[in-house]
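Visitor: This is the structure I want to talk about, given as structure tokens.
Please treat every number below as a calculation from the coordinates, not as lab data. Model, not experiment: these values are computed from the prediction. As a convention, Cβ positions derive from the backbone with ideal geometry for all residues, glycine included, and neighbour counts pool all protein chains shown.
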Amino acid sequence: MKPIVLAVALTLLACESGSFQESPFVQKSVAESPRWTIDLKRILDGVFRTYHPRCMDSVRVGHTIEFRNFLPDVPTNVTSIAGPQTLYSPNLTRPYNYISPDDPDNTLCKTRASDGSCAEKNEWSYWRFTFKEPGVYDWLDTNSGSPGQQVVDPYYGTVTFVGRDPNSPFGTVCVKKEDGTGCENVCCTSDEDCTSGKTCFRQTTDSVGTCLTPSG
């Protein structure tokens, strides 16, 4: 799909769904308190994790997720490439929704002293999104990775990638239907959790992976 065609398609989608809150594409962070959080670019247990968790399948309609960028000086955003709703966050860089180590409500410890006390707290910028439709939402940071055809973002000038390569950083959120179904064979711990023709992609640092169709 050519960049101009994609831009027109996204604009039409915005008009139909009303999901875009700022012209032309960027969505504001919602005010609702988050039910879940997803870490972006955070060190956990001494290991740098691009996204954690990579796959979530316990989300329900009406739940809000807070995406947290723990490297708030590095341009990072959340963009959906599949799903009933469109996710398109601003760049999560300070001062946007920035939580400093000195914030009195900040309880996330980055490093601890020998006596167990917190020697250094985390810092991050966040964006919250409320899921209003069930389904599988694949998302990625369009500032990194090359999982497909490149499309230049007309607002930021950053690059969007249409399609996905399992070697590129991405995440998946599956929102269950009202009866609790709809998220079977989406998240996985092994290939046995996936349907025929798909494999469980997860890195050694991931406890849960995503069922994907192998590329090539």
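Visitor: Would you kindly derive the ³J(HN,Hα) couplings of region 184-196 from the backbone phi angles with the Karplus curve 6.51 cos²θ - 1.76 cosθ + 1.60 (θ = phi - 60°), listing them in order in whole Hz, with x for Gly and Pro?
Guide: My calculation for region 184-196 gives 5, 6, 9, 8, 7, 10, 7, 4, 5, 7, 9, 6, 4 Hz in order.
Visitor: Which of 129, 70 has the fewest other C-beta atoms within 10 Å, and how do the rest follow up to the most?
Guide: Going from sparsest to densest Cβ surroundings: 70, 129.
Visitor: Could you give the length gained on full extension between residue 195 and residue 100, defined as 0.36 nm per residue of separation minus the Cα-Cα distance, in nm?
Guide: The span from residue 195 to residue 100 would gain 29.9 nm if fully extended.
Visitor: Fewest first, what order do 39, 115 take by the number of other Cβ atoms within 10 Å? Don't skip to the answer; put the middle values down first.
Guide: On the way: 39 20, 115 6.
Least to most surrounded, the residues fall as 115, 39.
Visitor: Another question about this same structure. Exposure proxy check: 37, 210 ranked by fewest other beta carbons within 10 Å?
Guide: Lowest to highest Cβ neighbour count: 37, 210.
Visitor: So for the pair residue 111, residue 73, with labels modelled 7 Å out along Cα→Cβ, what separation do we get in nm?
Guide: For the pair residue 111/residue 73, the computed spacing is 1.5 nm.
Visitor: What is the extension gain from residue 37 to residue 213, computed as 0.36 nm multiplied by their sequence separation minus the C-alpha to C-alpha distance, in nm to one decimal? Provide the component values of the computation, followed by the final result.
Guide: Numbers: separation 176, 0.36 × 176 = 63.36 nm, distance 2.67 nm.
Contour length minus the Cα-Cα distance gives 60.7 nm.
Visitor: What does the charge count around residue 193 come to, taking other residues whose C-beta lies under 14 Å from its C-beta (Lys +1, Arg +1, Asp -1, Glu -1)?
Guide: Computed value for this residue: -2.
Visitor: Compute the signed sum of charges (Lys and Arg +1, Asp and Glu -1) over the other residues within less than 9 Å, Cβ to Cβ, of residue 70.
Guide: Taking every Cβ under 9 Å from that of residue 70, the sum is +2.
Visitor: I've got another one for you. 5 Å is the cut-off here: which amide hydrogens, built 1.01 Å from N in the peptide plane, fall below it relative to residue 137, excluding neighbours closer than 5 in sequence?
Guide: Here 173, 174, 175 satisfy the definition.
Visitor: Same structure, new question: For the pairs 28/132; 132/177; 28/121; 41/121; 132/176, note any where the Cα-Cα span goes beyond 20 Å.
Guide: Going by Cα-Cα distance, 28/121 fall outside the 20 Å limit.
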